[in-house]
Amino acid sequence: MQQKRFQRRKFCRFCADKVSFIDYKDLKTLKSYMTERGKILSRKMTGTCSDHQRELTVAIKRARTIALLPFMER
């Protein structure tokens, strides 16, 4: 007999905080949505909504372009 585990529903942190836009200069927030190797985490992993995931991806890519974040860690 298997026990069913209660799993918390993931929610969009940006929707909950009512963020108007995601700033590419906010490195602390952006780093929490990346792996140690520098990959962007998916929506399934983080729980962000599709609109904010797209905005988050653009912000991370902008930060990478101007060398605020690394493209890849070795």
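Every number in this text was worked out from the coordinates using simple rules, so none of it is lab data. What you are looking at is a predicted structure, and each value in this text was computed from that prediction instead of being measured. Positions of Cβ are backbone-derived with ideal geometry, glycine not excepted, and every protein chain shown enters the neighbour counts.
Residues that are of a type in the set (A, V, I, L, M) and either exposed (fewer than 15 other Cβ atoms within 10 Å of the Cβ) or within 10 Å of the chain's Cα centre (by Cα) (or both) are absent from the stretch 17-24. Checking the stated criteria, PHE6 turns out not to satisfy the condition of being touching a residue at least 24 places away in the same chain (Cβ under 8 Å) and aromatic (Phe, Trp, Tyr).
So that you can scan it fast, the table gives a plain yes or no per residue for (1) in a helix (DSSP H, G or I); (2) over 17 Å from CYS12 (Cα atoms):
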{"site": "LYS25", "(1), (2)": "no, yes"}
{"site": "MET45", "(1), (2)": "yes, no"}
{"site": "LYS61", "(1), (2)": "yes, yes"}
{"site": "ALA67", "(1), (2)": "no, yes"}
{"site": "ARG74", "(1), (2)": "no, yes"}
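Residue-level check: of (1) exposed (fewer than 11 other Cβ atoms within 10 Å of the Cβ); (2) outside any loop (DSSP other than H, G, I, E, B), ARG37 misses just (2). If you filter the stretch 40-61 down to residues that are of a type in the set (S, T, N, Q) and exposed (fewer than 13 other Cβ atoms within 10 Å of the Cβ), you find that the one that is farthest from ARG74 (Cα to Cα) is SER50.
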